[in-house]
There are 2 protein chains.
Amino acid sequence: MVRKSASGRIGIADVAVKAGVSHATVSRVMNGNFTVDPEIAARVRAAAVELKYQPNPVGRSLALGKTDTIGIVVPDLANPTFQAILRGLSRAAAQDGYRVLIADSFEVSSEETILAGEARRRCDGLVLCAPRMSDAELEEIAPSLRPLVLINRTTAAAGVPSLVVDYGQGVQDIAEHLVELGHTRLAFLAGPPRSASNNLRLQGLQAFKAAHPQVEVTMLEGGSDFDTGHGAVDAVLESGATGILAFNDLVAMGLMSGLHERGLDVPGDISVTGFDDIPFARYTTPALTTAAVPITELGEQAWHQLRALIRNEESDAPGSRYQPKLEVRASTGPAKAARTAVHG
Amino acid sequence: MVRKSASGRIGIADVAVKAGVSHATVSRVMNGNFTVDPEIAARVRAAAVELKYQPNPVGRSLALGKTDTIGIVVPDLANPTFQAILRGLSRAAAQDGYRVLIADSFEVSSEETILAGEARRRCDGLVLCAPRMSDAELEEIAPSLRPLVLINRTTAAAGVPSLVVDYGQGVQDIAEHLVELGHTRLAFLAGPPRSASNNLRLQGLQAFKAAHPQVEVTMLEGGSDFDTGHGAVDAVLESGATGILAFNDLVAMGLMSGLHERGLDVPGDISVTGFDDIPFARYTTPALTTAAVPITELGEQAWHQLRALIRNEESDAPGSRYQPKLEVRASTGPAKAARTAVHG
DNA sequence: CTCGCCTCAGAAAGCGTTTTCTCAGGCTGC
DNA sequence: GCAGCCTGAGAAAACGCTTTCTGAGGCGAG
């Protein structure tokens, strides 16, 4: 008897019956296997079209052992950086017929491990984006997540390529820029403590301080969003610094907004810099001086690395390092000599 | 013989062997079926832990006929609005143990249909976000995509709830606000032609014009991003309007940036308004007057609707309508009487 | 003319689960 | 003491597909 669409949806069996052939033949035709008589193939195709048959991906995945899906775990989907990475990844993967499953850990590092495992089991590979978990934990679970690509984080575990941005160099470039403008008192509005990219920035600043002992660099606590910058106005003014390196563009924008409310002029009174060069950066007033990171490209490259792993190709590059590019705009200007007086 | 991890990964069979029971029993234990002897259950659990067994979701999906995954199709992942919807959706779905698969159609409406179908087959339900396809096409494919929830679009197809924002009312509120400030010459920087939300805005403006015949409203072509706004400066000035309603916040920001470059003051010379109230809006200089849409909540509600459909509950509400809320900030001010002179 | 090879389609065995079906054993109740 | 019920675990079917295995038929070569 014809088990007609037991589940409501039409399956390979229905097509087989309609075309008067076996399941196997239908499968062969649908997969472009040419060991099938052209006439029969045409009949099958006609039946498939008529029934609007579309192979069930789950059955297919089970049989083939692959899902044509990759996962990405991000700490915070609200962060433009991760959004851009996701976009680049999704776009690149789509071109190779892969889809992207997203997992947002909401900055909870314990969630991260679980989400990563679950996502990985449903997918053919995983991109772990700036994970907040400890090095030890990362190294422990990394093998079970392969094929795995890391972004802005490295691990000692083997076979796990990393894509990292050289935040250390970028922050030094920005600091140099400010020094060239005559600033001698700088302040760094730091990012989330658990963020590896924040640590890289701090290291870069240490190197900068070593090379420029005459420049004073104050460290201020911070975060990664607007409100952090907006709320840091007092601390910034208190520091007496005339050149402020914000953790990222969002923080810089929040800070500029706060300074504006206080009637201070950027860059007349204080110069402000961001990091990342998010699309908004060039449209702030004044336009934000920042270090451009090819974020979308990062996502794209993540896919290329992951694809190589999935295909079991020899990944020539075990990872890549991206150099930020200084983008000088209008939010930085010559240091104001009288600035210290304001402070005093 | 023990078929020990034929695929490399350990499966239910390995656990069964280790615990000395059948596959079925292992499955029962893993699913919390209590018709199993506590002692045996404990033995199975111990074996599972020791082997680090994690059920294969693909096999599970095939057997259960569900994937615990939903899909979302967006026209452009770079658009902050869709990012926010995605975030709300992902967060809400995650709380119910569902994951989100994303598909970006890159504004290509023909892609949309295919992506939607593919995503749907891999998932238990679908959210179609501001689809660009025609009404006819949407109505045709909608039934095959159910459970389906639409955002910012409606369809005549049955059983497909819609979440729509009342852009028409929102744009009227903004226009009223400008009129109250004394503006009599307005201009609307339109969005993408295929966008349904743009049409709603246009309809709203028609209603506004009918109610305020004394106010001149110029329609200008546009788009949905920064560059659109930035590039529209000439057209805006040419229109002679003193109150500009930009399609959304991005366009407004681009426009303000362009006006600033020309040395024009906002709101001194021209008032500018946006739409959406994206997070950046309150941090522009001047802070942007806009109509706030609870975008993240929209994503959240989309999940609730979809969940009801998936669970086959009686969806009391066939959809919802969201009222934007006028957010008056610093980018709008009293009309400048001499403005027409500048124009003439 | 017959043997063997080659082509091509159907039968069936997976893929890794869940779940129904079956059945053995222990218990209750008469 | 035995029929019938109930508990609980194993066997097997099912989910929808791919792919190996099997075998029938056609053809060429000896």
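Exactly one condition in (1) in a loop (DSSP other than H, G, I, E, B); (2) crowded, with 19+ Cβ neighbours inside 10 Å is not met by A:GLY229; state its number.
Among (1) in a loop (DSSP other than H, G, I, E, B); (2) crowded, with 19+ Cβ neighbours inside 10 Å, the lone unmet condition for A:GLY229 is (1).
Could you please give the count of residues in region A:32-80 that are over 27 Å from the mean Cα position of the chain (by Cα), of a type outside the set (S, T, N, Q), within 11 Å of chain B (Cβ to nearest Cβ) and within 12 Å of DNA strand C (Cβ to nearest atom)?
7
List pairs: first in region B:11-33 and more than 10 Å from DNA strand D (Cβ to nearest atom), second part of a loop (DSSP other than H, G, I, E, B) and among the β-branched types (Val, Ile, Thr), Cβ under 7 Å, 6+ apart or cross-chain?
Listed by first residue and then by second, the contacts come to B:VAL17/B:VAL2.
Determine which member of the set B:THR67, B:THR81 is modelled with pLDDT of 95 or more and polar (S, T, N, Q).
B:THR67 is the lone residue from the list that is modelled with pLDDT of 95 or more and polar (S, T, N, Q).
Return the only residue of B:ALA13, B:ALA48, B:ALA42 being among the aliphatic types (A, V, I, L, M) and either surrounded by 20 or more Cβ atoms within 10 Å (Cβ to Cβ) or in contact with a strand residue (DSSP E or B) (Cβ under 6 Å, 6 or more places away or on another chain) (or both).
Criteria check complete, one pass: B:ALA48.
Condition (residue is in contact with a Lys or Arg (Cβ under 8 Å, 6 or more places away or on another chain) and surrounded by fewer than 24 Cβ atoms within 10 Å (Cβ to Cβ)) applied to region B:241-256: is it met by at least one residue?
Within region B:241-256, not a single residue is in contact with a Lys or Arg (Cβ under 8 Å, 6 or more places away or on another chain) and surrounded by fewer than 24 Cβ atoms within 10 Å (Cβ to Cβ).
Of the numbered conditions (1) surrounded by fewer than 20 Cβ atoms within 10 Å (Cβ to Cβ); (2) more than 11 Å from DNA strand C (Cβ to nearest atom), B:GLY88 satisfies every one except a single condition; which is it?
Of everything listed in (1) surrounded by fewer than 20 Cβ atoms within 10 Å (Cβ to Cβ); (2) more than 11 Å from DNA strand C (Cβ to nearest atom), B:GLY88 misses just condition (1).
Give me the pairs, please: first residue somewhere in region A:243-264 and at the interface with chain B (Cβ under 10 Å from one of its Cβ atoms) and within 17 Å of B:ALA330 (Cα to Cα), second residue anywhere and charged (D, E, K, R) and assigned to a helix (DSSP H, G or I), beta-carbon distance under 7 Å, and either six or more positions apart or on two chains.
Qualifying pairs under 7 Å: A:GLY254/A:ASP227.
Residues are listed down the side, and each one gets a yes or a no for (1) at negative phi; (2) more than 11 Å from chain B (Cβ to nearest Cβ); (3) buried (at least 16 other Cβ atoms within 10 Å of the Cβ):
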position	(1), (2), (3)
A:ALA281	yes, no, yes
A:ALA287	yes, no, yes
A:ILE310	yes, yes, yes
A:ARG321	yes, yes, no
A:ALA335	yes, yes, yes
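If B:GLY191 passes every condition in (1) farther than 30 Å from A:THR285 by Cβ; (2) not in a helix (DSSP H, G or I) but one, which one does it miss?
Of everything listed in (1) farther than 30 Å from A:THR285 by Cβ; (2) not in a helix (DSSP H, G or I), B:GLY191 misses just condition (1).
In region A:7-31, which residues are small (Gly, Ala, Ser) and more than 7 Å from DNA strand C (Cβ to nearest atom)?
A:SER7, A:GLY8, A:GLY11, A:ALA13, A:ALA16, A:ALA19, A:SER27, listed by residue number.
Between A:PRO80, A:PRO55, which is touching a residue at least 40 places away in the same chain (Cβ under 8 Å) and near DNA strand D (Cβ under 8 Å from one of its atoms)?
A:PRO55
Does A:SER162 meet the test of being within 11 Å of chain B (Cβ to nearest Cβ), surrounded by fewer than 22 Cβ atoms within 10 Å (Cβ to Cβ) and either of a type in the set (S, T, N, Q) or in contact (Cβ under 8 Å) with a residue 60 or more places away in the chain (or both)?
Judged against the criteria, A:SER162 is not a match.
Take region A:98-115 and flag every residue that is touching a residue at least 24 places away in the same chain (Cβ under 8 Å) and away from chain B (no Cβ under 12 Å).
A:GLU107, A:SER109, A:GLU112, A:THR113
Quick one: B:ALA210 ticks every box in (1) more than 23 Å from A:PRO80 (Cβ to Cβ); (2) within 14 Å of chain A (Cβ to nearest Cβ); (3) among the small types (Gly, Ala, Ser); (4) assigned to a helix (DSSP H, G or I) except a single one, so which number is it?
The one condition B:ALA210 does not meet is (2).
The values are calculated or read from the model by the stated rules, or taken from the named source; none is laboratory data. All values derive from a computational prediction rather than experimental measurement. Note: ideal-geometry Cβ built from the backbone for every residue, glycine included; neighbour counts use all protein chains shown.
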